[in-house]
Amino acid sequence: MKLFERVKIGGVTIPNRVGLAPMGMRSSDGSFQDNTCRYYQRVAHGGTGLIITGNAMATTEFEPRSNYLLEDFQQICALAKAAEFVHYEGSKIFLQIGPGLGRVGHKDPNNPPHAPSAIDAKFFPGVLCTPFTQEEIQRLIAAVARTAKYAKTAGCDGCEIHAYGGYLVDQFLTRKWNKRTDKYGGDLKGRMTFLFEILDSIRAAVGPDFPIIVKVTVDHCMPEDPEMRDLKEGLEMCRLLKEHGNFDAIHVDRGCYEKYYYQIPTVYEPKGINLEACKKVKEIMGEIPVLGHGKLNDPAVAEQAVEEGAVDIVLMGHQLIADPDWCNKVRSGDWRSINYCIGCNECLNTGFNGKHRTCAINPTSGRETDFPLKKTEDPKRILVVGGGCGGIKAALMGDWMGHDVTLWEKSTRLGGLLLAAGAPSFKRDMMTYIQHMIYRLDKSGVKVVMNKEATAQEIIDGNWDAVILATGSRPVVPRIPGIEGKNVTTAVDVLRDGVMLTGKVAVIGGGLVGIEALLHIEETAQEILCVEMMDDILKTATHLFNNDQSLRDRVARSSCKIHLSTKVVSVDEQGLVCFKDGEEFRIDCDTVVLAIGLRSNNELEDQLWGKVKVLRTIGDAAKAPGLVYNAVNQGFHMVRALG
């Protein structure tokens, strides 16, 4: 495969054409802490040839650090450790360097962010940014060059300039945010002056043998706003960059905070979302390497992208959180064992909330030293009740540790609610994940018993050393007259069982399940609508804003009609009676679909409490509605803690 051919960036040879896209791991003190170093080492050990670190800020003179910081000599030590760990695995490491976040800084509401011009601060309504003076810009450029020199001293093989995505450099590049009339503003070439001077300053500081990648956004994906960059302007920007020089490779990005799902794709986006833009950039760049990202975790898609010349290096971020062994598995042909990212973005969501970056489907990611995997010295008989993602994870962990594990599933299918969550055509990443889990379960030593309804007495009589309840949840059925009618079903039943609804369909509930069901049903129904009591859809969803943006944009592009602030009074054979603004009205339809919420199936917990040796309840059975993250991580840790 071409993926595993060597490739050069400047004078540095990368052992293959797969790289870790830059991502922040969250640092409590700004340094590359041990968990970050060990994570980079783990990804390199898994075969990835290039590690690009998360953004290291060059200075805190104008804003607080967003994550990593490399502004003085004493901070070199921690980065040097990361570089050593990566090199010991035979891979290369580039430090991503940024001058700041500018208008999208989100940590300090008391001091206006610095930006190119007096523009609105993204996360602080009513706050105007403080424009940089030319003298401040020069200090900022000098700081970036100093940080690049520190990276070289630390043993990094190169650096990447953080010049994309609506962050500070990109704000200088963009008409929407750059209203300057001096040499740093004006036409596109003028707005690129800040970036040009950064590149020149770095090259002067590090010399010709330290490669520089520049990461730029070629399309903000906001055609509704003419002041934002479209692909035409983005390609012209690339031509001007090539003409200017002083860089060795280009990393292509699309999107911005306003269309964040292009920048960081979600479960709802297709594979290879940025490849067409990458191809056009490659035509301009010629021999200069192009790096691309954006759901390239399907090995066939990644290989084709390299073979067709769209990119020279395939970058993956969240996929290498979910499975750091992606490269080794692809190289060996063991594609089915890849733990494919599900696009939930919980890794990013936890980071935005100031917590350690985690993974919904790989509990050890970034926690390699916190939770070292150990075989048991005291094998136990473990019963897992429920074959959803949490139950399967618990069973697999117990089997790997050396326990004697039995799993009971009451239905004829494994997968639990993920069979519903992964049913829509736009959420196949979720279905791929549960298929992967079932594949691993089939290869394990777990005893799986299907069509097995668990009773408390049978569990007690089994004298198990530990019982894990992963019994999931069931749809809430509200007390509405007529709700038991033959024309009424639940979103879970429709999605899980592959029911193809036709005619006119009304979905009650505009939360996450309701909206996904709505869009799924639209593919077969002649007319589809949603009734929601709240004043907006998705108000109860806890997902990150890129997932929210993507789903809302899908709704906006659909033919679905949404009735907000509307209560369902009753249901009959002809449809719904609703209430809004003091008046009742009818909505006639052929089928009513309930998506009100989920309630825990936790009755067994009360019946077994104090009657078995060890009892643990996980996932939706513990709290509904839950996340894949909760179920999988709890399943892993509850069994790991048994020893």
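The conditions are (1) over 30 Å from the mean Cα position of the chain (by Cα); (2) at pLDDT below 95, and residue 405 fails exactly one of them. Which is it? Among (1) over 30 Å from the mean Cα position of the chain (by Cα); (2) at pLDDT below 95, residue 405 violates only (2). Of the residues 161, 137, the single one that is open to solvent by less than 20 Å² (accessible area, probe 1.4 Å) and more than 20 Å from residue 21 (Cα to Cα) is 137. The residues of the stretch 579-602 that are under 38 Å from the mean Cα position of the chain (by Cα) and without any contact (Cβ under 8 Å) to a residue 60 or more places away in the chain amount to a single one, 580.
Open to solvent by 50 Å² or more (accessible area, probe 1.4 Å), within 23 Å of the chain's Cα centre (by Cα) and under 30 Å from residue 305 (Cβ atoms): is that true of residue 45 in this structure? When the stated conditions are applied, residue 45 passes them.
I'm trying to understand the selection: among the residues of the stretch 205-214, which are in a loop (DSSP other than H, G, I, E, B) and open to solvent by 10 Å² or more (accessible area, probe 1.4 Å)?
Matches in the stretch 205-214: 207, 208, 209.
This table checks each residue for (1) open to solvent by less than 10 Å² (accessible area, probe 1.4 Å); (2) farther than 30 Å from residue 177 by Cα; (3) of a type outside the set (Asp, Glu); (4) not in a loop (DSSP other than H, G, I, E, B).
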{"residue": "64", "(1), (2), (3), (4)": "no, no, yes, no"}
{"residue": "74", "(1), (2), (3), (4)": "no, yes, yes, yes"}
{"residue": "79", "(1), (2), (3), (4)": "yes, yes, yes, yes"}
{"residue": "82", "(1), (2), (3), (4)": "yes, yes, yes, yes"}
{"residue": "90", "(1), (2), (3), (4)": "no, yes, yes, no"}
{"residue": "95", "(1), (2), (3), (4)": "yes, no, yes, yes"}
{"residue": "122", "(1), (2), (3), (4)": "no, no, yes, no"}
{"residue": "144", "(1), (2), (3), (4)": "yes, no, yes, yes"}
{"residue": "150", "(1), (2), (3), (4)": "no, yes, yes, yes"}
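To keep it simple, each residue is scored yes or no on (1) assigned to a loop (DSSP other than H, G, I, E, B); (2) modelled with pLDDT under 95; (3) open to solvent by 10 Å² or more (accessible area, probe 1.4 Å).
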| residue | (1), (2), (3) |
| --- | --- |
| 199 | no, no, no |
| 203 | no, no, yes |
| 216 | no, no, no |
| 226 | yes, no, yes |
| 232 | no, no, yes |
| 241 | no, no, no |
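Exactly one residue among 433, 439 is surrounded by fewer than 17 Cβ atoms within 10 Å (Cβ to Cβ) and aromatic (Phe, Trp, Tyr), and that residue is 439. Here residue 332 passes the criteria (1) on the phi > 0 side of the Ramachandran plot; (2) free of Cβ contacts under 8 Å to residues at least 24 places away in the same chain except the one numbered (1).
Scanning the stretch 173-197 for residues that are over 20 Å from residue 101 (Cα atoms) and either in contact (Cβ under 8 Å) with a residue 24 or more places away in the chain or part of a loop (DSSP other than H, G, I, E, B) (or both), we see that the one that is least open to solvent (accessible area, probe 1.4 Å) is 188. Would you be able to tell me the number of residues in the stretch 5-49 that are within 20 Å of residue 339 (Cα to Cα), in contact with a strand residue (DSSP E or B) (Cβ under 8 Å, 6 or more places away or on another chain) and outside any loop (DSSP other than H, G, I, E, B)? Adding up the residues that qualify gives 6. Just one of the listed residues (14, 52) is open to solvent by less than 30 Å² (accessible area, probe 1.4 Å) and under 21 Å from the mean Cα position of the chain (by Cα), namely 52.
The values are calculated or read from the model by the stated rules, or taken from the named source; none is laboratory data. Here the structure is a predicted model, which means the values were calculated and not measured. When we count neighbours, we look across all protein chains shown, and the Cβ atoms used for this are built from the backbone with ideal geometry, even at glycine. Side chains are part of the model used for accessible areas, which takes the heavy atoms of the whole protein and leaves out ligands, DNA and RNA. Shrake-Rupley method; radii C 1.70, N 1.55, O 1.52, S 1.80 Å.
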